[in-house]
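The values are calculated or read from the model by the stated rules, or taken from the named source; none is laboratory data. Treat the numbers as computed from the prediction; the structure is a model and nothing was measured. Ideal geometry is used to build each Cβ from the backbone, glycine not excepted, and the neighbour counts take in all protein chains shown. Protein only, heavy atoms only, side chains kept; ligands, DNA and RNA dropped before computing areas. Shrake-Rupley method; radii C 1.70, N 1.55, O 1.52, S 1.80 Å.
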Amino acid sequence: MDIAKQPTYFLAANSGQGFYSKFSESYDAHDGWKAYVIKGGPGTGKSSLMKYIAQKALILGIKVEICPCSSDPKSLDAVIFPTIKKVILDGTAPHVVEPKYPAVCEQIINLGQFWDETELEGSEKELLKLYAFNSTYHKKASQYIITAGKLISYNFGIELAATDIDKVFAFASRLAKNNIPEKKNKRSNEWVRFLGGITPEGMIFYGNTIDNMDCRKVIISDKYGAVSSIIMSVLRDAALDNGYEIITLKNETLPRDMIDHVIIPELSIAFCRENGQNKFLSDERRIHARRFIDSGELAANRQKLAFNRRVTKELLQSACDNLKKAKAVHDQMEKYYIDIMDFEAMNLYALKIADKILSA
């Protein structure tokens, strides 16, 4: 089986509101989860180890969810095994994970044990220079994203001001009542993730994760996100109040303000936001945000909205360009660590750790 075809999410976003990580909340110690936190430098095999264990899990028939790295979507940041309540995480910067319940819940996988740091002698200055370049490119990308986030937020505000909020809440409440029945045994839980990401390969959207689900989709078509975010917030609250486990998918640019999608696996239903860039393959009927909006008021701001969209696109492209430069530097850093690693010993270790993680 191909791990590339499994449900795929980002666990963090370099957003317009700063770095937003859900790594530490990707497992629940009080619900019996175990987390395996990998520590190691660039090029030490963190992603390869996760891919190996994910592939072995698929062979064993264990459900796998893949979490790529937004700084390099071909690499993995995490693999989640929801049916056995285990997760493997890259616990290094920028999404540092430190154990809250050491040995009880979290285990450290230290790949540093397989390198010989003495072989780096004489290369320290060059490596420090590469680390600095990498950091600089990431900071530039972040500045572009933050500026883009302000324009996206501005357009969000224009749409919100033109929206009949009472009408949206009334519609969302009916939608929740008709689709989210109350459970007798309530034990709600929420996993927060992202379908979209700003990466060196451009803007990525893992819409196939929902397209490939055997579930009904309710799709809200909303260019600016104000209407859909209100609806998603109501649906999220209703699902949690009624006792369901849900996957809340935040907007990668404004994660603190916008919910793009809400999935309720137990009910086999996904509520999704669709816009001009991110679309789903489903032919199910769309609910259009314009039915809740004063079209005249929105039209009065047409030029501002169009200008902001155009500039936002350019800013995000500049962010992606800088992330691409950061990755090129990261690739150079990896070469130093690859040369000092004992991969033969690490591969033997991978066999043992895979058996430990995937055992019942």
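Among the residues making up segment 192-207, those that are in a strand (DSSP E or B) and either at negative phi or open to solvent by 50 Å² or more (accessible area, probe 1.4 Å) (or both) are Val192, Arg193, Phe194, Gly196, Gly197, Ile198, Thr199, Met203, Ile204, Phe205.
Which of the residues belonging to segment 117-150 are among the polar types (S, T, N, Q) and open to solvent by 90 Å² or more (accessible area, probe 1.4 Å)?
Scanning segment 117-150 gives a single hit, Gln143.
Can Ser173 be described as open to solvent by less than 40 Å² (accessible area, probe 1.4 Å) and of a type in the set (Ser, Thr, Tyr)? Here the answer is no, as Ser173 does not meet what is asked.
A residue that is part of a strand (DSSP E or B) and surrounded by fewer than 19 Cβ atoms within 10 Å (Cβ to Cβ) occurs nowhere in segment 83-100. Check whether at least one residue in segment 234-243 is over 29 Å from Pro73 (Cβ atoms), open to solvent by less than 10 Å² (accessible area, probe 1.4 Å), touching a Lys or Arg at 6+ places or on another chain (Cβ under 9 Å) and not in a loop (DSSP other than H, G, I, E, B), and report yes or no. No, every residue in segment 234-243 fails to be over 29 Å from Pro73 (Cβ atoms), open to solvent by less than 10 Å² (accessible area, probe 1.4 Å), touching a Lys or Arg at 6+ places or on another chain (Cβ under 9 Å) and not in a loop (DSSP other than H, G, I, E, B). For Thr8, the conditions (1) modelled with pLDDT under 95; (2) surrounded by fewer than 23 Cβ atoms within 10 Å (Cβ to Cβ); (3) hydroxyl-bearing (Ser, Thr, Tyr) all hold with the exception of (1).
Ile108 passes every criterion in (1) open to solvent by 40 Å² or more (accessible area, probe 1.4 Å); (2) at pLDDT below 95 apart from (2). Each residue in segment 259-282 was checked for being free of Cβ contacts under 8 Å to residues at least 60 places away in the same chain and open to solvent by 10 Å² or more (accessible area, probe 1.4 Å), and 8 pass.
Determine whether segment 245-258 contains at least one residue that is under 25 Å from Ile165 (Cα atoms), assigned to a loop (DSSP other than H, G, I, E, B), open to solvent by 40 Å² or more (accessible area, probe 1.4 Å) and of a type outside the set (Lys, Arg). Yes, there is a match, as at least one residue in segment 245-258 is under 25 Å from Ile165 (Cα atoms), assigned to a loop (DSSP other than H, G, I, E, B), open to solvent by 40 Å² or more (accessible area, probe 1.4 Å) and of a type outside the set (Lys, Arg). Taken as a whole, segment 181-191 holds at least one residue that is more than 23 Å from Gln6 (Cβ to Cβ), outside any helix (DSSP H, G or I), at pLDDT 95 or above and over 21 Å from the mean Cα position of the chain (by Cα).
Looking at segment 129-136, can you tell me whether even one residue there is among the aromatic types (Phe, Trp, Tyr), outside any helix (DSSP H, G or I), touching a residue at least 24 places away in the same chain (Cβ under 8 Å) and touching a helix residue (DSSP H, G or I) at 6+ places or on another chain (Cβ under 6 Å)? No: zero hits.
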